[in-house]
1. What trypsin sites (Lys or Arg not before Pro) in the stretch 111-174 are in a loop by DSSP, with at most 14 other Cβ atoms within 10 Å of the Cβ?
2. Whose amide H sits under 5 Å from the amide H of Asn21, counting only residues 5 or more places off or on another chain, with H placed in the peptide plane?
3. In nanometres, what is the gap between the two model label sites at Arg36 and Glu170, each 7 Å from Cα along Cα-to-Cβ?
4. What does the helix-only formula give at 222 nm for the chain: each DSSP H stretch with n ≥ 4 adding -39500 (n - 2.57), the total divided by the residues, and the result rounded to the nearest 500 deg cm²/dmol?
5. Mind listing the phi-derived Karplus ³J(HN,Hα) values for the stretch 57-73, rounded to whole Hz, using 6.51, -1.76 and 1.60 with θ = phi - 60°, and x for any glycine or proline?
6. How much length, in nm to one decimal, is gained on full extension between His84 and Glu143, taken as 0.36 nm per residue of separation minus their Cα-Cα distance?
7. Mind listing the phi-derived Karplus ³J(HN,Hα) values for the stretch 170-185, rounded to whole Hz, using 6.51, -1.76 and 1.60 with θ = phi - 60°, and x for any glycine or proline?
8. Taking the dipole about the Cα centre of the chain, with the C-beta of Lys and Arg at +1 and of Asp and Glu at -1, give me whichever of Ile81, Ala176, Ala194 is farthest to the positive side.
Amino acid sequence: MEDWIARWREGRIGFHEGRPNRLLECCVARLADCRRVLVPLCGKAEDLAFLAAHGHDVLGVELAEQAVRGFFDEHGLVPSIAPHGPYTAYHAGAITLLAGDVFALTPELVAPIDALYDRGALIALPAELRPRYVALLGAVLPEAAPGLVVTVEYDPRAMAGPPFPVPEAELRALYAGATIELLGEQPVTTGKCAQLGVSAIERCFAIRPIRRSS
């Protein structure tokens, strides 16, 4: 966690796209029936404003409070700031960002929520934390909630993450029992992979449900 905060403090944020993710732009209609969308490890992604512009209420969670403040500053928004359980909640318009550890989420802290959008969380976590993260989503999201999950695939020998490669087979194992559909893919042309000349593919999957009935 300290490394993540240090990356933001030192400006080592090559993972920040600076524009809405193109796969989200193509696939956002899959969330049309979902009012409130959870975006874990959201940074200051332009995806947040994009989702809000498409009629969604957005709940982002981000460890680095500097990133949270940066999002509102860069969009000319003055948020209200208040404690929310273990988090500091920043709110303006349709966007609420919780500054704190994503693993502290509970159903009560996120309710009501209708769907998941994950572009930066799963690929930011090392392999040993991914099952815990997916289990957390299953605990905080309602039954049958859908999700859009964006992954990156590259030869893990080519560089050290993050972002970490998450092959489709691993994604299907993590969300075993869910219906998983590949919606689109594109070559990675920005960020760390591009800077190091690593060939990488970004893929967007629709997953339903994120949480299965017990």
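Coordinate-derived values only; no laboratory data. Quick caveat: nothing in here was measured; it's all calculated off a predicted structure. Cβ sites come from the backbone with ideal geometry, for glycine too, and all protein chains shown count toward neighbours.
1. Passing sites in the stretch 111-174 are Arg157.
2. Sorted by chain and number, the residues that satisfy this are Asp47.
3. Taking the two extended label points, one gets 3.2 nm.
4. Calculated at 222 nm, the ellipticity per residue is -7500 deg cm²/dmol.
5. Here the 3J(HN,Hα) series is 7, 10, 10, x, 10, 8, 5, 7, 5, 4, 5, 4, 4, x, 4, 5, 4 Hz.
6. Here the answer is 18.9 nm.
7. 5, 4, 5, 5, 5, 10, 4, x, 8, 8, 10, 10, 6, 9, x, 8
8. Ala176
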